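Asker: Before I ask anything, let me first share the structure, which is written out below as structure tokens.
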Amino acid sequence: QQQVKQSPQSLIVQKGGISIINCAYENTAFDYFPWYQQFPGKGPALLIAIRPDVSEKKEGRFTISFNKSAKQFSLHIMDSQPGDSATYFCAAEAGSGNTGKLIFGQGTTLQVKP
Amino acid sequence: NAGVMQNPRHLVRRRGQEARLRCSPMKGHSHVYWYRQLPEEGLKFMVYLQKENIIDESGMPKERFSAEFPKEGPSILRIQQVVRGDSAAYFCASSPQIGNQPQHFGDGTRLSIL
């Protein structure tokens, strides 16, 4: 119930293409869903986050789509660039639990080919 | 505007020694979280602390691991009598408030056990 399942494990996209990463969860108490980007040797950096009261949130080339009934959410990277090559993690938090504990997906390694 | 600072960046210990990992949260942040990342895996929550209090340690191993966040100074994650399985990257994050708030991560401490 506490798991967040992420797919695919790895992804190769051509420059200018769209990268799509999917996540699914079971715990309906989750009410905050951030995405993080991590480069080798660095800590995760927050990209974008969504709450379940909206179905989509866009920031620049990054869009989160959220399907509350299916308990799924996804990250879309438009016009993917080689600089986007990194590992991406989805996460979920049950805010009402009042602990701030983030449950992370297993990660997706994205490679954008020039 | 310094981010979350972790030190050391790399730490090598022999089996049976103690490891001390330090984390200074972002200025104005009083909530600290520790996560562990094993190779090729996502981050796993370990513990959440506020100043002088452990709020949620549900992810901490029952033995050998402890954490503190004193009134003055950084948060410390202490691992006693380290074993090979403790080799991992340990990340600290901080947030200004609790509940559905962005968590900002440091660049981690890579712990290697010989």
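Asker: Once each part is reduced to its C-alpha centroid, what is the distance from the range A:1-25 to the range B:1-46 in angstrom?
Answerer: If we compute the Cα centre of each part, the gap is 26 Å.
Asker: Continuing with this model, one more query. At a threshold of 8 angstrom on Cα-Cα distance, excluding pairs fewer than six apart, so keeping six or more, what relative contact order does chain A reach in percent?
Answerer: Over chain A, the number comes to 37 percent.
Asker: Computed over the Cα atoms of chain A, what is the convex hull's projected area averaged over all directions, in nm²?
Answerer: Average of the hull's projected areas for chain A equals 6.8 nm².
Asker: Ignoring any ligand, DNA or RNA, what whole percent of the accessible area of the range B:19-114 comes from carbon and sulfur when the probe is 1.4 angstrom?
Answerer: C and S fraction of accessible area: 44 percent.
Asker: Averaging the inverse of every distinct alpha carbon separation and then flipping it gives the Kirkwood radius. What is it for the range A:16-57, in angstrom units?
Answerer: Across the range A:16-57, the inverse of the average 1/r is 12.5 Å.
Asker: Next question, about the same structure. Per residue of A:30-43, count partner chain C-beta atoms within 10 Å of its C-beta, then hand back the mean as an integer.
Answerer: Going residue by residue through A:30-43 and averaging, the value is 3.
Asker: Which value, in Å², gives the accessible area per residue of chain A when a 1.4 Å probe is used on the protein heavy atoms?
Answerer: Solvent-accessible surface per residue comes out at 48 Å².
Asker: Could you list, in their original order, any pairs among A:Lys68/A:Lys113; A:Lys5/B:Lys51; A:Lys42/A:Lys68; A:Lys5/A:Lys42; A:Lys71/B:Lys51 whose Cα atoms are separated by more than 29 Å?
Answerer: Those over the limit are A:Lys68/A:Lys113; A:Lys5/B:Lys51; A:Lys42/A:Lys68; A:Lys71/B:Lys51.
Asker: Right, another one. Could you go through the range A:102-114 in sequence order and give the Karplus-derived ³J(HN,Hα) for each residue, using 6.51 cos²θ - 1.76 cosθ + 1.60 with θ = phi - 60°, rounded to whole Hz, and x for Gly and Pro?
Answerer: Those phi angles translate into 9, 9, 9, x, 7, x, 10, 8, 9, 10, 9, 8, x Hz.
Asker: On each of the three principal axes of the Cα atoms of the range B:18-58, give max minus min coordinate, whole Å, ordered largest first.
Answerer: 32, 23, 20
Asker: Compute the FRET efficiency between A:Asn67 and B:Glu68 as 1/(1 + (r/R0)^6), taking r as their Cβ-Cβ distance and R0 = 41 Å, and round to the nearest 0.05. Don't skip to the answer; put the middle values down first.
Answerer: On the way: r = 41 Å, r/R0 = 1.00.
E(calc), rounded to 0.05, equals 0.50.
Asker: Working only with C-alpha atoms, what are the Rg and Dmax values of chain B, expressed in angstrom?
Answerer: Cα-based Rg and Dmax for chain B come out at 13.3, 39 Å.
Asker: For the protein assembly as shown, how big is the tail of P(r) above 24 Å, as a whole percent of Cα pairs?
Answerer: That fraction is 44 percent.
Asker: Check which residues have an amide H placed less than 5 Å from A:Lys15's amide H, if you skip close sequence neighbours.
Answerer: So A:Lys15 has HN proximity to A:Lys113.
The values are calculated or read from the model by the stated rules, or taken from the named source; none is laboratory data. Predicted model, so just to flag it, every value in this text is computed and none were measured. Neighbour counts run over all protein chains shown; Cβ positions are idealised from the backbone, glycine included. Remember, those area values only see protein heavy atoms, side chains included, never the ligands or the DNA or RNA. Shrake-Rupley method; radii C 1.70, N 1.55, O 1.52, S 1.80 Å.
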